[in-house]
1. Look at residue 82 and say whether it is closer than 22 Å to residue 150 by Cα, at pLDDT below 90, under 17 Å from the mean Cα position of the chain (by Cα) and part of a helix (DSSP H, G or I).
2. Would you be able to tell me the number of residues in the stretch 42-68 that are in a helix (DSSP H, G or I) and either crowded, with 17+ Cβ neighbours inside 10 Å or touching a residue at least 24 places away in the same chain (Cβ under 8 Å) (or both)?
3. Every residue in the stretch 195-209 that is more than 14 Å from residue 159 (Cα to Cα) and touching a strand residue (DSSP E or B) at 6+ places or on another chain (Cβ under 9 Å), please.
4. Check residue 119 against each of (1) surrounded by fewer than 16 Cβ atoms within 10 Å (Cβ to Cβ); (2) at pLDDT 75 or above; (3) farther than 15 Å from residue 190 by Cα and name the one condition it does not meet.
5. Surrounded by 10 or more Cβ atoms within 10 Å (Cβ to Cβ), in a helix (DSSP H, G or I) and in contact with a helix residue (DSSP H, G or I) (Cβ under 9 Å, 6 or more places away or on another chain) - does that describe any residue in the stretch 99-109?
6. Take residue 76 and decide whether it is at negative phi, at pLDDT 85 or above and either part of a loop (DSSP other than H, G, I, E, B) or not assigned by TED's automatic domain parsing to the domain that holds residue 212 (or both).
């Protein structure tokens, strides 16, 4: 799916404003911290990361470009909870559930941050098919990505020749993850010449690396 979220290679939006350093978590507004906490609590059960990303991609383009970061999260989680059946439109209009669930013991921000720092989660899965490529192989990305609601193959890197840098085992295919399903496939880091992506004005010394699934690649 090509949508407004994929800005790679698009022109006319002006420079990206970059402030010095990252914004401190403590500097966020209270509603932003609350949204982050709700997301960490699993407010939309059963939603995969690709389902979440696909929800953002389906936003009205003018909203996507104008909403603040956590404002996008708010709109998306509302849609995801409705889509998953966690809440109904009547609940939204009412502002709360009719049957209030038992509240879990509250966690402080420090507790959540400490838990995240100690997490050691592997997203690798099992795949019956051996990898088709190895480090050093020349490959070309598809001009049209595999069918599906969500893809991680950006437009600017389609139909371009690159080189396999590494194989990372099997990971969930984004197109299926956007449907709430898990289908594992070989994942590679692929290096592309900046000049091949951006044209002769790019610095020939620069490379761009992308993590891409096997279904996006063919032998060069």
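The values are calculated or read from the model by the stated rules, or taken from the named source; none is laboratory data. This is a predicted model, so every value here is computed, not measured. Cβ coordinates were reconstructed from backbone atoms using ideal geometry, including for glycine residues, and neighbour counts include every protein chain displayed.
1. So residue 82 fails the test.
2. Matching residues across the stretch 42-68 total 12.
3. Those that are more than 14 Å from residue 159 (Cα to Cα) and touching a strand residue (DSSP E or B) at 6+ places or on another chain (Cβ under 9 Å): 202, 204, 206, 207, 208, 209.
4. Going through (1) surrounded by fewer than 16 Cβ atoms within 10 Å (Cβ to Cβ); (2) at pLDDT 75 or above; (3) farther than 15 Å from residue 190 by Cα one by one, residue 119 breaks only (2).
5. Yes - at least one qualifying residue is present in the stretch 99-109.
6. Yes.
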